Amino acid sequence: MSNGEVTQVIDGDDVLEPLKGTPKNYTLHKTSDLSLKSRAKKQFREKVPIVNWIGGYNNEFAINDFISGITLGLTIIPESIACALLAGLPPFYGLCSVFIGSFIYLVFGTINTVIVGPTSLVALVTIRFTIGKPIEFNFILTFLAGVVELIMGMLQLGFIFEFISMPVIKAFSTATAFLVIESQVKVLLGIKYLVPGFVESIRTLTYKIDEARLGDFCMGAFAIAFLLGFQYLGTIRVSGINKNSKFWNSFLRYLSLCRNTLVVAITSTFAAVWAYCLSEGESLPFRLSRNSVHGLPNFTFPSFYIETEDRSYNFFDILSELNFGIIVIPIIGLMTNISIGKLDPKGLVQSNQELLTLGLCNIVGSGVQSMPVSGAFSRAAISSASGIKTPMANLYSGIIVILALSFLSPYFNFIPESTLAAILVCALFSLIDFKIPIRLWRESKRDFITWVICFLSCVFYGVEVGLFVGITVTVAHLLYLWARPEIEVKIEQIGEMQYISLTPENGIYFPAINYLREKVLKACTHAEFQLPVVIHCHKMNGLDFTAAQGFSKLCGDICSNGQIQLLILYQMNSNFQKFVDIEHNLIFCESEEKLREILLQEQLKNGYIALKDHIRASIDLGYKIDMERLERHD
C-alpha cells in the first residue's frame with residue numbers, strides 16, 4: 001500500500017471502500033490472514049488475562065496491591081498451616097500449597113480478590129478421601145484434581161456450575177463452616193482423634209471428653225478472644241480531621257487485618273519461652289504443631305506407585321481409593337472461586353478460565369507437595385478490606401510464604417495447635433448464615449426446602465454428598481418448571497365475541513406440551529367446545545420441534561361432535577412458526593386488528609355465544625363445576 005493509503009478491513013470480507021478522510025485509492029485486501037491473527041490475539045488475551053490489565057498498571061494500583069499482598073501473606077501463613085492440620089497433614093505442606101499457585105494465578109486468574117491457597121473447605125473434603133492412607137495420596141489427589149479441572153476447562157464445561165442455585169451455595173457454605181468448626185472443637189480441648197463424618201466425630205468426642213486438657217482450652221480461649229477483639233478493633237474510628245486521626249484509623253484497620261499473624265506470633269513466643277524454661281522431663285500443658293521438614297521443597301511430580309509396609313498401590317488402586325474425590329475437589333474449588341467472583345460489584349465470572357487456572361495451580365502445585373487449592377472466602381474478605389486492585393497481590397503473598405519457608409520453618413514448631421484451631425473457627429464463623437433460610441421460608445418455600453435438604457445432607461452424609469443432592473434438587477426443580485410452566489387461562493372478549501385465552505409465561509418444550517394441551521381441553525370442555533382458542537405467544541421464548549407438533553395435534557383435540565373450533569397462535573415468533581404443521585383450523589395472527597377480524601368472521605359464521613357466568617368463572621379461576629348440582633338448583 002502506498003503512503004497515505006488507508007483501507008477499511010472487516011473480518012471475513014473483501015472491502016473496497018476507504019475510511020473517511022483518506023485519499024480515494026481503492027485496494028482489495030483478503031482479510032483471512034488478518035482475521036486469523038485477530039482471533040489468535042483475542043484467544044491469547046482470554047487465556048492470559050494479565051495482558052489485559054498490566055498495560056494500565058499504575059502507582060496507585062501497585063501500592064494497594066503491595067499492602068494487600070503483604071497483609072494476605074501474613075494472614076495466609078497461619079491459615080494454611082491450620083488447613084494442613086485439618087487435612088491430616090504436617091504444617092509444612094500447608095505452606096507448600098501457597099506460593100506456586102499464587103504465581104500461576106497472577107498470570108492466568110480473572111478474579112481480583114482471589115488469593116490461591118489451601119482452604120478449610122477443601123481440606124475438610126480432602127481428609128474424607130485420604131484418611132488412613134499414605135501422605136502421597138494427598139499430592140496425587142492434587143494432581144488428578146488439577147487434570148480434571150484442566151479437562152473441564154478445555155471442554156468449556158464451566159456452564160455446568162450455572163445450575164448451582166444460591167440456596168445450594170448458601171446451604172453448602174453454612175454446612176461446611178459448621179462442620180469445620182465442629183472438627184476444631186476437639187483441637188481446642190486438646191483431644192486427639194481423626195475420624196470422618198459429623199456423626200462419628202460427635203460420638204468419638206463424647207467418648208473422649210474426659211481426655212480434655214485445660215492448657216489447650218485456655219490457649220484456644222485466649223486466641224479466640226484476641227481474634228474477636230482485634231476484629232472489633234477494625235471498626236473503631238478515631239474522630240477528627242487532622243493527619244493523626246487518619247494515621248490511627250489506618251493503623252487500627254491494619255492491626256485488625258493482621259490479627260491472625262499477631263495471635264500466632266504472641267502464642268508462639270509464649271510457647272517458645274515456656275519450653276525454654278522447662279526442666280528436664282517436664283512438658284508443655286498444650287499441644288504444639290510439629291513441622292518435620294524445613295526449607296523449600298524439591299520440585300518433583302508425585303509417583304503413581306506407592307509402596308508401604310502393609311501393601312503396594314498401583315495407579316488403578318490409587319484411583320479406586322480416591323474414588324469421587326478427583327471430581328468433588330474440582331467442583332468445590334471452582335464453586336468457591338465463582339462464589340467469591342459473584343461478590344464483586346460486576347459479578348461476572350469466567351468459569352472456564354477459572355477451571356483452567358485452578359487446574360494449572362493444582363497440577364504444578366503437586367510437584368511441590370501441595371494439597372488441593374482454590375480461593376477462600378476469608379482471604380477474599382481481607383483482600384477487599386485492604387483495597388486490593390489486581391491479582392498482582394498474589395505475587396507479594398507468594399514471596400512472603402517463600403521467605404517464611406526459607407527462614408522461619410523451625411519456629412513453626414512452637415505454634416500451639418489450639419491457636420490454629422481458633423483461627424479457623426473465627427474465620428468460618430461468619431459463613432454460618434441462618435438468616436437466609438428464615439428469609440426463604442417467608443418468600444419461597446421451594447427454595448427453603450432445597451436449602452434444608454442440602455444442609456442436612458452435607459452435615460450428616462458429607463459435603464460431597466450434600467453438594468450432589470443440592471445440584472440434583474436444583475436440576476429437578478428446573479425440569480419441573482420446563483414440564484409445568486406457568487400458563488394463564490381465562491375468558492377474554494373483543495367487542496361481543498368471547499374466546500379462550502392462554503398465555504404461557506416461558507418457552508414451551510416437549511415436556512410441557514401435553515400439559516398445555518390438557519389446559520386447553522379442560523377450558524374447551526367447560527365452554528362446551530363453542531369458543532375459539534387464542535394462545536398468546538409473545539412471552540414464548542423457546543419452542544422445540546416436538547412441542548410445535550403438539551400445537552398441530554391440538555387442532556384435532558379441540559374439535560368435538562362436528563364442532564370445529566379455531567386455534568389462533570397470536571404473535572408467535574416467525575422462527576417458531578415454521579415448525580408448526582398447518583391444519584385447517586389453525587391460524588397465525590400478528591396484530592390485534594387481524595385478531596378482531598378473525599373473531600368477527602367466526603361470530604358471523606357460528607352466531608354470537610355468551611358463556612354463563614359460572615362457566616366463565618370455572619375457566620378463569622380453574623375450579624371444577626358440579627353440573628348436576630347446578631341443574632338441580634335451576
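The values are calculated or read from the model by the stated rules, or taken from the named source; none is laboratory data. Bear in mind the structure is a predicted one, so any value in this text is a computation, not a measurement. Counting neighbours? That spans all protein chains shown, and the Cβs are built from the backbone with ideal geometry, glycine included. Just the protein is used for accessible areas: all its heavy atoms, side chains included, with ligands, DNA and RNA removed. Shrake-Rupley method; radii C 1.70, N 1.55, O 1.52, S 1.80 Å.
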message: Show me the helices (runs of 4 or more DSSP H) found entirely inside segment 402-492 where at least 2 residues are without any contact (Cβ under 8 Å) to a residue 40 or more places away in the chain and among the aromatic types (Phe, Trp, Tyr).
response: 463-483
field: Criterion violated by residue 304 - all others in (1) open to solvent by 40 Å² or more (accessible area, probe 1.4 Å); (2) over 32 Å from the mean Cα position of the chain (by Cα) satisfied
entry: (2)
Failed criterion for residue 582 (all others in (1) over 15 Å from residue 499 (Cβ atoms); (2) over 43 Å from the mean Cα position of the chain (by Cα); (3) in a loop (DSSP other than H, G, I, E, B); (4) modelled with pLDDT under 85 hold): (4)
- prompt: In segment 529-547, which residue that is in contact (Cβ under 8 Å) with a residue 40 or more places away in the chain and either of a type outside the set (A, V, I, L, M, F, W, C) or closer than 17 Å to residue 578 by Cα (or both) is least open to solvent (accessible area, probe 1.4 Å)?
  reply: 532
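Residues checked against (1) assigned by TED's automatic domain parsing to the domain that holds residue 141; (2) open to solvent by 40 Å² or more (accessible area, probe 1.4 Å); (3) not in a loop (DSSP other than H, G, I, E, B):
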position	(1), (2), (3)
217	yes, yes, yes
221	yes, yes, yes
231	yes, yes, yes
251	yes, yes, yes
254	yes, yes, yes
265	yes, yes, yes
273	yes, yes, yes
310	no, yes, no
317	no, yes, yes
- prompt: Does residue 527 satisfy the condition of being of a type in the set (A, V, I, L, M, F, W, C), more than 26 Å from residue 575 (Cβ to Cβ) and at pLDDT below 85?
  reply: yes
field: Only one of 149, 136 that is over 16 Å from residue 464 (Cα atoms) and either open to solvent by 10 Å² or more (accessible area, probe 1.4 Å) or outside the structural domain of residue 298 (by TED's automatic domain parsing) (or both)
entry: 136
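Filter the helices (runs of 4 or more DSSP H) completely within segment 22-109 down to those with at least 2 residues that are more than 25 Å from the chain's Cα centre (by Cα) and modelled with pLDDT under 85. Quick ask: steps written out before the conclusion?
Values: elements: 32-47, 50-53, 59-86, 91-96, 99-108.
Filter on segment 22-109 gives 32-47, 59-86, 91-96.
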field: Yes/no for residue 142 being open to solvent by 30 Å² or more (accessible area, probe 1.4 Å) and polar (S, T, N, Q)
entry: no
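Restricting the search to segment 493-504, which residues are part of a strand (DSSP E or B) and touching a residue at least 40 places away in the same chain (Cβ under 8 Å)?
Our first condition is that a residue be part of a strand (DSSP E or B); within segment 493-504, this holds for 493-494, 497-504.
Hits for segment 493-504 are 494, 497, 498, 499, 500.
Please verify whether residue 526 is more than 42 Å from the chain's Cα centre (by Cα) and open to solvent by 50 Å² or more (accessible area, probe 1.4 Å), treating the condition exactly as stated. I'd like the intermediate steps shown before the answer.
On the way: more than 42 Å from the chain's Cα centre (by Cα): yes; open to solvent by 50 Å² or more (accessible area, probe 1.4 Å): no.
No; evaluated as a whole, the condition is false for this residue.
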